[in-house]
């Protein structure tokens with residue numbers, strides 16, 4: 001069962017103009033595991049404004065759940081053959097003003113699977129965007145933690161799903177605990193204030209409405225039922241920048257020496273479109289455009305970290321977390337960015353052919369390495385000895401006003417290859433550079449990436465009759481699926 005990451009949290013400037021308070025709670029939950037009821041410690045933190053006005057959006061930010069599952073649970077998961085645990089959480093939050101009440105769902109996911117410990121407690125952490133709250137009247141707005149659901153995905157050391165492959169666990173807070181997360185003071189005339197911000201939708205168009213009783217009660221955003229963006233990271237466009245687009249990307253990269261492929265989870269690509277140029281080349285009309293792509297994961301130019309499991313030397317299961325960090329392009333003396341995308345649309349009679357070349361520079365770091373289930377201390381600086389290039393090509397054809405294939409403005413599949421350089425800095429007590437160089441470096445590996453249709457935030461909402469490609473929080477509606 002997938003855990004939704006609510007889109008309502010990605011609203012630039014949605015908080016009331018006030019000080020920020022740190023919300024926090026420590027609770028013991030009773031959770032119904034297959035082994036029976038077990039206690040789970042939950043630390044909940046978030047940032048909220050200290051005060052607000054009726055009709056003004058209040059947006060919780062930086063929501064994190066730190067969970068400690070007892071050793072009995074960890075041992076039970078390991079008994080199923082699982083080596084790693086992916087985690088998602090759904091926390092019910094009661095929102096109230098005097099007798100008026102509403103309920104929000106704070107959902108989050110772990111950034112990467114967590115290896116099961118050989119002994120002791122299992123520690124998990126999830127985070128994610130959560131829905132806004134909009135008070136309809138004055139008076140203290142109280143947020144309290146309530147029921148919790150854990151969604152666990154289990155994999156063996158070789159990446160094959162364990163049995164069972166997933167586990168949904170319902171939890172209830174124990175009696176007599178302080179469940180208050182935060183109190184936001186709301187002052188002013190009831191109803192929308194003159195300077196209140198417009199209510200952002202935490203749903204996709206036509207797929208849900210804000211919840212909460214009428215009569216001045218708090219209004220809470222809800223997730224869109226069955227939305228394709230269930231596990232999409234933050235990817236917010238800039239509505240004030242006509243050249244800006246944002247798009248989700250995902251895909252696979254083959255590790256040729258190991259005869260294996262590694263999946264990279266959804267990432268956010270920020271696209272800055274350049275000027276178009278028209279040229280006649282060999283008698284054919286070409287529309288040329290150079291653009292810049294920057295990856296963005298939690299404010300860093302990188303892909304989300306991912307865990308890969310391979311058979312090193314053909315028989316030894318090795319698990320490692322891979323961190324691909326992009327080296328952004330530089331700037332010219334006039335301050336403009338150096339482009340890393342070249343698009344060429346050639347008009348040939350009734351048929352048009354598009355080619356897009358993307359070149360990205362990366363460094364690759366490895367950490368959390370285990371060989372045959374035993375941790376291998378590679379240190380903090382186990383990485384490629386130099387940057388390397390990833391070249392991707394997307395091809396598209398227009399005929400009879402129908403597009404087949406890829407364009408930067410519509411998305412689609414791009415393919416290419418990458419050659420991993422030798423590694424350096426691996427190992428603390430011994431030099432492990434040659435181990436990873438021999439296993440991963442030197443032979444080109446096939447790469448297949450899928451880009452979703454981008455959100456051009458400055459063009460949202462679209463003209464009458466146009467098709468929406470952005471949420472009302474200026475995130476892409478199109479969330480692609482990786483394919484080999």
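Every read-out reported here was derived from the displayed coordinates using simple, explicitly stated rules and does not represent laboratory data. Everything quoted here is computed from the prediction, not taken from an experiment. All Cβ positions, even for glycine, are placed from backbone atoms using ideal geometry, and neighbour counts span all protein chains on display.
Here is how the numbers come out for the structure above:
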item: Residue 79/residue 24 FRET efficiency (R0 35 Å; Cβ-Cβ; nearest 0.05); result: 0.55
item: Two-site FRET efficiency, residue 32 against residue 119, from Cβ-Cβ distance with R₀ of 25 Å, rounded to 0.05; result: 0.55
item: Gyration tensor (alpha-carbon) shape descriptor, the stretch 388-484, a/c threshold 1.5; result: prolate
item: Backbone N within the stretch 19-57 under 17 Å of label point (7 Å from residue 187 Cα along the Cβ vector); result: 19-21, 49-56
item: Potential lengthening between residue 287 and residue 71 on full extension [0.36 nm per residue; Cα-Cα distance subtracted]; result: 71.6 nm
item: Spherically averaged projected area of the stretch 244-459 from its Cα convex hull (nm²); result: 14.4
item: Difference of contour (0.36 nm per residue) and Cα-Cα distance, residue 397 to residue 350; result: 15.9 nm
item: Segment residue 160-residue 101, extension gain: residue separation times 0.36 nm, minus the distance between their alpha carbons; result: 16.8 nm
item: Inter-label distance, nm, simple model (7 Å from Cα along the C-beta direction), residue 146/residue 276; result: 5.2
